[in-house]
Amino acid sequence: MTETKTIDETPQGARKVYIKTWGCQMNVYDSERMAGLLQPLGYKAVDVPDDADLVILNTCHIREKAAEKVYSELGRLKAHKQAVEDQGREMKIAVAGCVAQAEGGEITARAPQVDLVFGPQAYHKLPEMIARAARDKGEVLETGFEVEDKFDTLAVGRKADGYSAFVTIQEGCDKFCTFCVVPYTRGAEVSRNVDAITSEVRALAAQGLREVTLLGQNVNAWHSAPPVGDDHMGKGTWGLGELCRHLAKIDGIERIRFTTSHPRDMDDGLIAALGEEEKLMPYLHLPVQAGADKVLKAMNRGHTGEHYIRLIERIRKARPDIALSGDFIVGFPGEGEKEFQATLDLVEEVKYGSAFSFKYSRRPGTPGAGMAKQVAEDVKTERLARLQRLLEDQKNDFNRAQIGRRLAVLLEKKGRNEGQLVGRSPYLQSVHVLAPDHLVGRIVELDITGIKANSLTGSLPVHSAQGAEEKVS
Ligand code: 5AD
Ligand code: SF4
């Protein structure tokens with residue numbers, strides 16, 4: 001029986017983790033992996049348990065009395081944990097490995113000093129478990145992640161202008177997708193209360209705002225108590241659907257959007273609101289990331305491809321003209337040609353109006369970075385090109401389908417060319433039109449006449465070309 005201690009190098013002032021390893025080479029490897037996974041959360045591996053903040057017993061079940069040995073080690077640690085707590089510090093004890101797998105909950109029943117028990121299948125969730133445990137206590141983890149990350153800020157790309165603005169209603173994420181740093185950098189899901197949101201939107205509307213985009217990393221996880229004295233919608237807790245219906249009543253607000261949604265939080269109330277509330281725009285950014293269930297599982301997405309397709313069917317039933325947008329990652333670890341093909345198949349089935357797609361990039365400290373079967377860079381590049389060709393074709397098809405239609409466009413500002421204004425269609429397409437300046441800030445019906453690479457061109461219907469009779473709100 002071997003016993004190893006894992007040592008690692010991390011910055012000073014870090015938290016300390018002591019990992020005691022029993023058993024085979026596999027366990028030794030796993031301990032190193034656990035130390036590596038914890039490093040970005042600020043944990044430095046040490047070789048004595050004395051002043052450790054976290055002790056992990058990585059156990060082995062192969063020898064007789066293995067469990068008894070773990071329990072006697074836990075007995076020693078119990079006294080130590082007590083002594084540490086008496087000094088006002090904290091020490092967490094975790095049991096990992098095969099004994100944990102075999103004994104499960106019995107361990108915490110027999111040894112209540114144990115905080116976490118997890119088997120080898122759950123190692124990739126270690127950062128999640130530690131981050132959750134720390135958050136439950138209101139602690140802030142000093143992580144090695146860069147907080148300003150392009151993925152964090154992606155949704156905030158568009159600047160507010162006079163007629164359209166972003167309002168943050170939710171922050172943080174509890175989903176812990178295995179590729180993503182957001183749950184570590186932005187913390188747990190928090191919803192802003194209805195009154196604060198309502199006052200901000202009212203104030204913006206008073207300044208002339210026509211369109212609001214509700215923002216959140218997981219915007220449709222938003223929930224809150226209804227405003228005092230205003231629970232006429234009959235719900236103890238409001239979800240995003242109720243919030244949108246409520247904001248739709250604010251004078252001046254003509255359009256409501258929200259981003260970014262997660263398939264798991266797309267509830268019936270929100271789908272019904274999309275179908276019934278005309279001010280909710282028929283555009284939904286609903287990332288799926290990949291099509292193959294094996295990849296979705298490794299990503300910890302909590303849904304299958306089938307769930308997503310059925311969800312889209314329900315949304316389209318409620319709002320037949322909705323335009324869908326998504327995020328995709330190609331080349332996640334374990335994605336072979338077959339799995340990538342499943343992503344293409346899903347895209348073919350859903351038909352997107354627009355999309356963002358990325359090559360998987362290894363974010364140190366996220367579970368995905370440590371996964372086996374990383375995909376070669378050139379394979380990712382080639383797959384991304386194929387996926388983007390398909391998405392580009394779908395975008396162009398969708399845009400082309402608007403030609404000949406009359407769309408309500410919120411004219412936001414002057415365009416680059418003389419006499420030109422630029423606005424947004426209900427589907428978030430950019431629309432260029434020759435129109436008089438006084439129409440800026442109005443929602444105007446335009447006849448769509450053509451498409452460009454990233455926009456539509458439109459013209460004022462003949463009866464309103466003079467700008468007097470525009471069918472506006
Ligand atoms: N590699 C590639 N794409 C990523 N995203 C987030 N993390 C990664 C990563 N490690 C993408 C996801 C997400 C979008 C905002 O950024 O598609 O939905
Ligand atoms: Fe990141 Fe979005 Fe997954 Fe949250 S739901 S972990 S923000 S990709």
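The values are calculated or read from the model by the stated rules, or taken from the named source; none is laboratory data. Remember, predicted model here, so these are calculated numbers, not experimental data. Note that we place each Cβ from the backbone using ideal geometry, even for glycine, and neighbour counts take in every protein chain shown. The area values use the complete protein model at the heavy-atom level, side chains included, leaving out ligands, DNA and RNA. Shrake-Rupley method; radii C 1.70, N 1.55, O 1.52, S 1.80 Å.
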### Query
What number of residues in region 314-329 are in a strand (DSSP E or B), more than 9 Å from ligand 1 (Cβ to nearest atom) and hydrophobic (A, V, I, L, M, F, W, C)?
2
### Query
Could we say that GLU339 is more than 29 Å from GLY458 (Cα to Cα) and touching a residue at least 40 places away in the same chain (Cβ under 8 Å) here?
yes
### Message
Just to be sure I understand, how many residues within region 343-390 are small (Gly, Ala, Ser), within 23 Å of ASN454 (Cα to Cα) and within 13 Å of ligand 1 (Cβ to nearest atom)?
### Response
2
## Note on the structure
The residue that is farthest from CYS177 (Cα to Cα), considering only those in region 277-294 that are outside any loop (DSSP other than H, G, I, E, B), of a type outside the set (Asp, Glu) and away from ligand 2 (no atom under 16 Å from the Cβ), is LEU280
### Message
I need every pair where a residue in region 386-412 that is closer than 16 Å to ASP321 by Cβ has its Cβ under 8 Å from the Cβ of a residue that is at pLDDT 95 or above and part of a helix (DSSP H, G or I), sequence separation at least 6 or different chains.
### Response
GLN394/VAL347
### Task
Go through region 248-266 and give me each residue that's more than 16 Å from ligand 2 (Cβ to nearest atom) and either part of a loop (DSSP other than H, G, I, E, B) or touching a helix residue (DSSP H, G or I) at 6+ places or on another chain (Cβ under 6 Å) (or both).
ALA248, LYS249, ILE250, ASP251, GLY252, ILE253, GLU254, ILE256
### Query
If you check GLU306 against the conditions, is it at pLDDT 95 or above, open to solvent by 10 Å² or more (accessible area, probe 1.4 Å) and in a loop (DSSP other than H, G, I, E, B)?
no
#### Entry: Qualifying positions in region 174-220 - open to solvent by 40 Å² or more (accessible area, probe 1.4 Å) and within 16 Å of ligand 1 (Cβ to nearest atom)
ASP174, ARG186, GLU189, GLN217
